[in-house]
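Presented below is the structure to which this report refers.
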There are 2 protein chains.
Amino acid sequence: MKKYYLAAPGPTPVPEMVLLEMAKPIIHHRTKTFEKVMAQAREGLKWIFQTKEEVLMLASAGSGAMEAALANTLSPGDTIVAIRSGKFGERWSEIAKGLGLRVIDFDVEWGKAVNPKDIRGLLERHPEVKAVLCQACETSTGVIHPVEELVKTTRASDVLMMVDAITALGIVDLPMDKWSIDVMVTGSQKAFMLPPGLSMIALSPKAWEANASAKCTRYYFDLKKELEAHKKNQTNFTPAISLIQGLNKSLEMMKEETLEGIFTRHARLAAATQAAVKAWGLELLAPEAPSNSLTAVRCPSGVDGEKLVQHMQDKYGVTIIGGQDKLKGKIFRLGHMGYCGDFDVITMLSATEMTLKDLDAKIELGRGVAAALQVLHQGGF
Amino acid sequence: MKKYYLAAPGPTPVPEMVLLEMAKPIIHHRTKTFEKVMAQAREGLKWIFQTKEEVLMLASAGSGAMEAALANTLSPGDTIVAIRSGKFGERWSEIAKGLGLRVIDFDVEWGKAVNPKDIRGLLERHPEVKAVLCQACETSTGVIHPVEELVKTTRASDVLMMVDAITALGIVDLPMDKWSIDVMVTGSQKAFMLPPGLSMIALSPKAWEANASAKCTRYYFDLKKELEAHKKNQTNFTPAISLIQGLNKSLEMMKEETLEGIFTRHARLAAATQAAVKAWGLELLAPEAPSNSLTAVRCPSGVDGEKLVQHMQDKYGVTIIGGQDKLKGKIFRLGHMGYCGDFDVITMLSATEMTLKDLDAKIELGRGVAAALQVLHQGGF
């Protein structure tokens with residue numbers, strides 16, 4: 001008898017209450033019933049985005065919202081800066097190039113956070129830049145970028161700061177209005193504790209202003225039309241009905257926990273995971289700016305990351321993930337976001353310890369878990 | 001955000017697959033569809049009881065099957081021996097007295113197992129005894145009784161050996177036919193991973209012979225009528241339809257694990273729990289014969305068992321239970337049976353450790369969990 005555990009940095013486990021909500025008979029979207037569901041979701045999303053603006057829901061993966069961000073605010077030939085500190089930074093840059101934008105790629109060593117001073121300098125040297133793109137958390141390396149400081153580099157100008165908050169919103173504090181983030185995108189399968197398939201995006205007044213003259217091609221991802229539809233509690237195309245119903249249940253759970261409670265819990269889970277890594281004598285990939293969403297760990301010498309992930313899944317039923325591209329085989333990534341509590345982290349760390357032991361890593365069984373328990377007990381509950 | 005964990009010695013957690021099975025639309029019991037369900041359940045129960053006899057399903061708690069055992073094989077005034085080593089031994093004795101039987105109570109110190117030699121001596125001194133009643137596992141103390149040796153004291157005679165296997169069947173090996181157990185009863189809410197409400201009982205040929213002349217009052221629990229109904233894939237009264245559907249799913253899971261796999265897993269989980277208790281420097285209530293179903297632990301001095309249980313539930317969301325009657329406040333009981341895997345035990349032990357620490361017990365956080373991990377890693381997976 002084996003149970004299965006999902007401890008990846010997305011998709012994340014879906015709570016039973018949310019599953020039950022989504023298991024209800026499907027309703028039609030052009031009805032008053034659905035409009036009530038939409039009204040509730042709109043209000044809840046403004047709360048979690050910490051914005052007065054409309055948060056638009058799209059039936060797409062997060063990458064769709066990343067495309068929408070660019071296509072609705074820029075025109076072919078416009079210059080933008082893409083901060084590339086990992087796989088998802090690269091992706092946003094590629095989407096921009098595909099849309100005909102002129103992209104200045106600003107590369108940051110994988111595992112390091114961007115230095116806002118560098119961006120400030122870059123913007124001074126390139127007054128033609130219309131937008132800066134950055135991940136709040138770069139999922140491929142587990143790094144958290146200094147979003148608050150980054151926004152300060154664009155706030156006083158016409159430059160738009162666009163934040164991919166897919167693996168960060170609902171995990172760490174990202175007050176959109178307060179910090180003046182211009183475009184913020186996220187997806188359903190991380191902190192929202194939902195299956196993938198629903199993305200969300202919000203634009204600041206400055207970004208909506210840019211929208212008026214933006215000429216990039218867009219049809220499915222036309223946010224102006226979505227805005228009009230949303231204001232009537234509708235969507236421009238067939239919405240992901242069940243996911244929006246589930247979203248309302250997730251938001252209900254999140255509101256009950258409070259924003260502060262959510263941020264504190266994720267900080268605690270991350271600290272416990274980091275303490276275990278330290279107790280194992282292993283190194284974080286991003287020691288200077290580790291995120292609260294996931295923890296990327298360098299494999300001990302002699303241990304292949306791909307093998308570690310496969311072994312852990314096959315033998316212990318626990319799913320984590322390895323590295324991508326140049327980090328393939330060299331790291332493993334532990335997720336601790338969304339519907340994740342203290343004992344889920346203990347389970348994940350127990351399985352990791354046993355796997356490391358199986359692969360002949362020099363660790364003492366129980367050492368990491370004990371270190372995590374210390375953190376959870378002190379900081380927790 | 002708090003998750004809830006059930007780590008009590010029954011009811012035990014119900015697997016998602018079983019919940020989904022029971023969530024199917026209700027079927028009518030006087031149909032061919034239900035008869036197929038019954039046929040499958042009958043076959044599966046014979047496998048887990050390790051018997052050729054019919055295993056009868058009753059819509060009742062386990063205590064109902066304990067009453068049925070007596071009422072269907074004995075007559076008022078008959079003498080029986082009730083081995084009382086805890087709360088459930090006392091209960092069976094009370095049921096017997098209520099039916100007008102003459103009961104010789106054989107008391108065993110709570111936490112100790114019965115010595116079969118004592119029963120042999122008792123039967124020699126009391127040739128009028130018609131039946132001996134014993135728990136396989138006494139849930140109130142966590143002790144396992146030597147059923148195989150006990151049955152040897154009655155096998156060659158007309159005396160019936162009746163075994164309450166509610167917290168033991170599907171956890172440890174109890175081959176009914178091979179050992180010549182005459183009456184074996186169990187319930188749905190332990191190893192069968194189901195909600196409470198369904199009990200099962202099987203009678204040996206010797207017990208069915210006794211049934212012919214048994215005069216105790218019985219109507220709802222008339223096993224002869226149930227036997228006739230079961231042979232037609234039916235029941236004498238309205239059956240617990242959903243529970244029987246769920247039972248088939250549970251049996252499917254159990255068959256996939258195999259009897260040996262089930263017994264090995266429970267032995268491993270018990271050994272890991274016992275190792276943690278030892279590492280905490282605490283004492284088992286039943287050190288000489290601890291069961292594989294649950295572990296009863298003596299509270300450290302200064303710690304109240306009731307408070308411990310309440311604190312653990314309130315603060316950590318983990319439900320265990322305390323002691324009953326004379327053991328109230330003095331012990332706590334950790335369940336590790338049914339839909340319980342290695343990481344469930346780790347969660348339960350982590351919560352227990354943190355609770356003990358909160359209540360100022362002198363333990364080092366992580367010590368017990370590390371000891372359990374050692375056992376699980378060596379003996380496990």
- If A:D342 passes every condition in (1) more than 9 Å from chain B (Cβ to nearest Cβ); (2) surrounded by 23 or more Cβ atoms within 10 Å (Cβ to Cβ); (3) within 23 Å of the chain's Cα centre (by Cα) but one, which one does it miss? (1)
- How many of the residues making up the range B:200-245 are of a type in the set (D, E, K, R), more than 20 Å from B:G77 (Cα to Cα) and open to solvent by 70 Å² or more (accessible area, probe 1.4 Å)? 5
- Message: Among the listed residues A:I80, A:I166, identify the single one that is in a loop (DSSP other than H, G, I, E, B), surrounded by 24 or more Cβ atoms within 10 Å (Cβ to Cβ) and touching a residue at least 12 places away in the same chain (Cβ under 8 Å).
- Response: A:I166
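Of the residues that make up the range B:21-37, is at least one surrounded by 16 or more Cβ atoms within 10 Å (Cβ to Cβ), closer than 29 Å to B:W179 by Cβ and touching a helix residue (DSSP H, G or I) at 6+ places or on another chain (Cβ under 6 Å)?
Step one: list which residues in the range B:21-37 are surrounded by 16 or more Cβ atoms within 10 Å (Cβ to Cβ), which gives B:21-22, B:29, B:34, B:37.
If we keep only those that are closer than 29 Å to B:W179 by Cβ too, we end up with none.
Checked against the condition, which is being surrounded by 16 or more Cβ atoms within 10 Å (Cβ to Cβ), closer than 29 Å to B:W179 by Cβ and touching a helix residue (DSSP H, G or I) at 6+ places or on another chain (Cβ under 6 Å), the range B:21-37 yields no hits at all.
Out of curiosity, is A:I83 under 30 Å from A:R125 (Cα atoms) and either within 14 Å of chain B (Cβ to nearest Cβ) or touching a Gly at 6+ places or on another chain (Cβ under 6 Å) (or both)?
Values: under 30 Å from A:R125 (Cα atoms): yes; either within 14 Å of chain B (Cβ to nearest Cβ) or touching a Gly at 6+ places or on another chain (Cβ under 6 Å) (or both): yes.
Yes.
Anything in the range A:358-371 that is β-branched (V, I, T) and at the interface with another protein chain (Cβ under 8 Å from one of its Cβ atoms)? List them, or say none. Lay out the reasoning, then the answer.
Start the filter on the range A:358-371 by keeping residues that are β-branched (V, I, T), which leaves A:363, A:369.
The answer is A:V369, and nothing else.
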- Query: Within the range A:252-302, how many residues turn out to be of a type in the set (G, A, S), assigned to a helix (DSSP H, G or I) and buried (at least 17 other Cβ atoms within 10 Å of the Cβ)?
  - Reply: 6
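Could you say which residue among B:G89, B:G62, B:G44, B:G100 is at pLDDT 95 or above and at positive phi? Steps first, please.
Working: B:G89 fails: at positive phi; B:G62 fails: at positive phi; B:G44 fails: at positive phi.
After applying the criteria, what remains is B:G100.
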- Note on the structure: Counting only residues in the range B:190-218 that are of a type in the set (D, E, K, R) and over 23 Å from the mean Cα position of the chain (by Cα), the one nearest to B:I262 (Cα to Cα) is identified as B:K206
- Item | Residue check for B:Q374: within 14 Å of chain A (Cβ to nearest Cβ), part of a helix (DSSP H, G or I), open to solvent by 10 Å² or more (accessible area, probe 1.4 Å) and in contact (Cβ under 8 Å) with a residue 12 or more places away in the chain | yes
- Task: Return yes when A:G281 is within 11 Å of chain B (Cβ to nearest Cβ) and of a type in the set (G, A, S) and no when it is not.
- Result: no
- Give me the pairs: first residue in the range B:124-142 and closer than 30 Å to B:Q274 by Cα and open to solvent by less than 10 Å² (accessible area, probe 1.4 Å), second residue assigned to a strand (DSSP E or B) and of a type in the set (G, A, S), beta-carbon distance under 7 Å, and six or more apart or on different chains, which are they? B:L133/B:A82; B:T141/B:A296; B:G142/B:A296
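If you go through the range B:143-153 one residue at a time, do you hit one that is part of a strand (DSSP E or B), in contact (Cβ under 8 Å) with a residue 12 or more places away in the chain, of a type in the set (A, V, I, L, M) and open to solvent by 10 Å² or more (accessible area, probe 1.4 Å)?
Just the residues of the range B:143-153 that are part of a strand (DSSP E or B), to begin with: B:143-144.
Keeping just the survivors that are in contact (Cβ under 8 Å) with a residue 12 or more places away in the chain gives B:143-144.
Checking the rest, the ones that are also of a type in the set (A, V, I, L, M) come to B:143-144.
Going one step further and asking which of them are open to solvent by 10 Å² or more (accessible area, probe 1.4 Å), we end up with B:144.
Looking through the range B:143-153, at least one residue is part of a strand (DSSP E or B), in contact (Cβ under 8 Å) with a residue 12 or more places away in the chain, of a type in the set (A, V, I, L, M) and open to solvent by 10 Å² or more (accessible area, probe 1.4 Å).
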- Note on B:A276: of the conditions (1) over 20 Å from the mean Cα position of the chain (by Cα); (2) within 30 Å of B:L20 (Cβ to Cβ); (3) among the small types (G, A, S), unmet is (2)
- Message: Based on this model, can you work out whether A:D360 counts as surrounded by fewer than 17 Cβ atoms within 10 Å (Cβ to Cβ), of a type in the set (D, E) and part of a loop (DSSP other than H, G, I, E, B)?
- Response: yes
- Item | Those residues of the range B:52-77 which are closer than 19 Å to B:A191 by Cβ, polar (S, T, N, Q) and open to solvent by less than 10 Å² (accessible area, probe 1.4 Å), in sequence order | none
- So which residues in the range A:38-51 are among the hydrophobic types (A, V, I, L, M, F, W, C) and buried (at least 18 other Cβ atoms within 10 Å of the Cβ), if there are any at all? A:M38, A:A41, A:L45, A:I48, A:F49
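Looking only at residues that are farther than 21 Å from A:R268 by Cβ and at the interface with another protein chain (Cβ under 8 Å from one of its Cβ atoms) in the range A:345-357, which one is most open to solvent (accessible area, probe 1.4 Å)?
Our first condition is that a residue be farther than 21 Å from A:R268 by Cβ; within the range A:345-357, this holds for A:354-357.
Adding the requirement that they be at the interface with another protein chain (Cβ under 8 Å from one of its Cβ atoms) leaves A:354, A:357.
Values: A:M354: 1, A:K357: 79 Å².
This residue is A:K357.
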- Message: Just the residues that are part of a loop (DSSP other than H, G, I, E, B) and without any contact (Cβ under 8 Å) to a residue 40 or more places away in the chain, please, taken from the range B:1-27.
- Response: B:M1, B:A23, B:P25
- Set A:K315, A:K307: member being away from chain B (no Cβ under 14 Å) and in a helix (DSSP H, G or I): A:K307
- Query: Restricting attention to the range A:318-327, and to residues there that are part of a strand (DSSP E or B) and crowded, with 19+ Cβ neighbours inside 10 Å, which single residue is nearest to the other protein chains (Cβ to nearest Cβ)?
  - Reply: A:V318
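Tell me whether the range A:274-282 contains one or more residues that are aliphatic (A, V, I, L, M) and touching a strand residue (DSSP E or B) at 6+ places or on another chain (Cβ under 8 Å). Can you show your working first?
Pass one, the range A:274-282, residues aliphatic (A, V, I, L, M): A:275-277, A:279, A:282.
Filter once more, so that each one left must be touching a strand residue (DSSP E or B) at 6+ places or on another chain (Cβ under 8 Å): A:277, A:282.
Looking through the range A:274-282, at least one residue is aliphatic (A, V, I, L, M) and touching a strand residue (DSSP E or B) at 6+ places or on another chain (Cβ under 8 Å).
Of the residues that sit in the range A:104-123 and are β-branched (V, I, T) and surrounded by 20 or more Cβ atoms within 10 Å (Cβ to Cβ), which one is nearest to A:G86 (Cα to Cα)?
Residues of the range A:104-123 that are β-branched (V, I, T), as a first pass: A:104, A:108, A:114, A:119.
Applying the additional criterion that residues be surrounded by 20 or more Cβ atoms within 10 Å (Cβ to Cβ) yields A:108, A:114, A:119.
Details: A:V108: 8, A:V114: 11, A:I119: 17 Å.
The residue in question is A:V108.
The values are calculated or read from the model by the stated rules, or taken from the named source; none is laboratory data. Here the structure is a predicted model, which is why all the values come from computation and not from measurement. Counting neighbours? That spans all protein chains shown, and the Cβs are built from the backbone with ideal geometry, glycine included. Heavy atoms of the whole protein, side chains included, go into the accessibility calculation; ligands, DNA and RNA do not. Shrake-Rupley method; radii C 1.70, N 1.55, O 1.52, S 1.80 Å.
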